[in-house]
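First the structure, in the form of structure tokens, and then the observations on it.
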Amino acid sequence: MSDSEFLCVRCARHMRTCCQTSEVYVTPGDVERIARHAGRDDFHEFRPPVRAEYAPDDFDLPWRERVFRSDGTRRVLKRRPEGDCTFLGPAGCTLPLDVRPLACRIYPFDYSAEGLKQELAPGCPLELLRNGQSLLGALEMNADDARRWHRQLYDEIALEPPRDRTGKEKPAGRATEQETATPAKSALPQLVPATVGK
Ligand code: SF4
Ligand code: SF4
């Protein structure tokens with residue numbers, strides 16, 4: 001095993017990765033970018049959360065009021081029968097970074113509508129880090145990129161129709177509760193244990 005081997009490669013030998021376990025919400029912008037790149041639009045569907053950590057909560061109002069529909073479903077990437085993401089290939093994600101869903105790009109940063117949290121989301125195998133290596137260093141990630149993608153994610157969530165607490169669509173032009181305070185949300189999923197994309 002090489003010292004320079006990428007953490008995600010070691011992770012894939014060690015356990016089921018985030019790309020094999022996550023329920024990845026995709027924004028309208030994600031769908032457009034991926035469809036343009038892939039030349040197809042059959043990679044997403046509306047499904048209710050399977051894992052509890054993906055359920056809507058009161059701590060991220062834009063997520064609850066925009067992402068989820070009245071039937072409790074939200075737009076997610078399709079997965080193969082064994083759980084793998086439809087875009088997972090033998091060498092990892094088959095989408096270029098600037099086409100990947102925003103939720104995938106941000107992981108393992110944890111966040112609420114207000115911004116990135118101090119603590120990273122759980123899921124990555126910290127036990128596989130080399131001596132002195134940080135998780136973000138091993139993943140070659142930085143907070144500036146994550147903040148930019150986070151802003152874009154919530155800008156694109158705002159393109160979803162607003163809904164009230166029951167999931168019904170609100171009349172056009174009505175603000176969501178989001179514009180009022182949004183308390184910090186606790187631990188993500190996001191690729192919980194390796195849970196990409198809430
Ligand atoms: S991001 Fe984390 S959980 Fe996902 S493959 Fe890489 S090391 Fe594993
Ligand atoms: S789209 Fe996201 S979950 Fe799917 S393979 Fe790429 S990084 Fe993994």
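List of remarks:
- Pairwise Cα distances in segment 20-108 exceed 18 Å in 44 percent of cases.
- Put simply, the amide H of TYR111, placed in the peptide plane, has neighbours under 5 Å in LYS117, leaving out anything fewer than 5 places away on its chain.
- Alpha-carbon centroids, segment 44-107 and segment 114-132: separation in whole Å: 20 Å
- The residue list VAL67, PHE87, LEU129 was ranked by how far each Cα lies along the charge dipole of segment 7-179 toward its positive end, using unit charges on Cβ atoms, and PHE87 comes out on top.
- Spherically averaged projected area of segment 55-97 from its Cα convex hull (nm²): 4.6 nm²
- Surrounding net charge for GLY83, when Lys and Arg each add one and Asp and Glu each subtract one, Cβ distance under 12 Å: +2
- Gyration tensor (Cα) of segment 7-179, equivalent ellipsoid semi-axes in angstrom: 28, 19, 15
- Computed from the Cβ-Cβ distance with R0 of 22 Å, the FRET efficiency linking HIS37 to THR86 stands at 0.95.
Every number in this text was worked out from the coordinates using simple rules, so none of it is lab data. If you're wondering where the values come from, they're calculated on a predicted model, not measured in any experiment. Don't worry about glycine lacking a Cβ; one is built from the backbone with ideal geometry, like all the others, and counts go over all protein chains shown.
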